[in-house]
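To keep things clear, I will list the structure first and then write my remarks on it.
Please treat every number below as a calculation from the coordinates, not as lab data. Source: prediction; values computed, not measured. Virtual Cβ from ideal backbone geometry, glycine too; neighbours counted across all protein chains shown.
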Amino acid sequence: MKCIIIDDEPLAREAVESLIKEYAPNMEIVGQFNHAEAAATYMDSNPVDLVFLDIQMPGITGLEFAKRIPNSTLVIFTTAYSEYAIDSYEVDAIDYLTKPIDDERFKKAVQKAESYHEFLSKKEDGDESESSLEVNNQEYFLVKSDRKFFRIKFDDILFVEGLKDYVIIHLDGQKIVTRMNMKGINDILPSNHFMRVNKSFIVNTEQIESFDNNDIFIKTFVIPIGNMYRDDFMNNYVAKFQ
């Protein structure tokens, strides 16, 4: 898995490099850059599977650069400012890491990146090329994954996560991945129980255990509330209990 590091701070690049060497032996660092323009030039002619990308940089910011990255490339944001974490999910990042980066959080992020990269590589090789079949019902729908059809009860869904041209349906102890966009599955899910809380996540409001102004907590998962979705979530979800 080929990765690059983009950060205007040399010490920050060294820290990520050290973590990769320690916890991600299957990753190959093929480039390090102190600004996005140099990284863009490199990526024009070289394949990159994963980008460790600082958000706050002079010139083109990480958020702006992420919008230009090829659809096949995964992004993990690194930032010294936790308030930028929410924005990272508006540009299809798979995770964000707050500096100084915690070892356990780093391991979790790269494991997720490796898992998603393996999945996307299989799909590019031709596996599961057909679109999924959705069947509406008051209690369940059918979805195609790994050449099989799964009967999924709406009540069993914890949340749905977007991944490029696919969605990951998170159940308790199981993940089902299918070729569908977020709008497509959002149209299927009952609006009285499901709510989109950022560009990459739709949550089952019946599964929410707690929340604050920035995050929703479902079992062991922490799902950020996007700035564009916060008012809608607060007004509509909280209103149920008033």
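General observations
- Per-residue [θ]222 nm for the chain (sum of -39500 (n - 2.57) over DSSP H runs n ≥ 4, rounded to 500): -8500 deg cm²/dmol
- Between K112 and T220, the simple label model (points 7 Å from Cα in the Cβ direction) yields a spacing of 1.3 nm.
- Extension gain, D165 to R147: 0.36 nm times the residue separation minus the Cα-Cα distance gives 4.8 nm.
- Kirkwood-Stokes translational diffusion coefficient of the chain, alpha-carbon pairs, 37 °C, 0.692 mPa s, µm²/s: 173 µm²/s
- The stretch between D187 and K67, if pulled fully straight at 0.36 nm per residue, gains 40.7 nm over its current Cα-Cα span.
- Protection proxy ranking of 35-47, 61-73, by the mean of other Cβ atoms within 10 Å over each peptide's residues and highest first, is 61-73, 35-47.
- Sorting the segments 179-187, 213-221 by their mean number of nearby beta carbons within 10 angstrom, highest to lowest, gives 179-187, 213-221.
- Of K67/K107; K108/K199; K99/K199; K164/K219; K67/K153, those spanning more than 30 Å from alpha-carbon to alpha-carbon: K67/K153
- Working note: Debye formula, equal point scatterers on the alpha-carbon atoms of the range 21-73, no solvent; log10 I(q)/I(0) at q = 0.20 Å⁻¹ is -0.74.
- Summing charges over neighbours of C3, with a neighbour being any other residue whose Cβ is under 11 Å away from its Cβ, gives -3 when K and R count +1 and D and E count -1.
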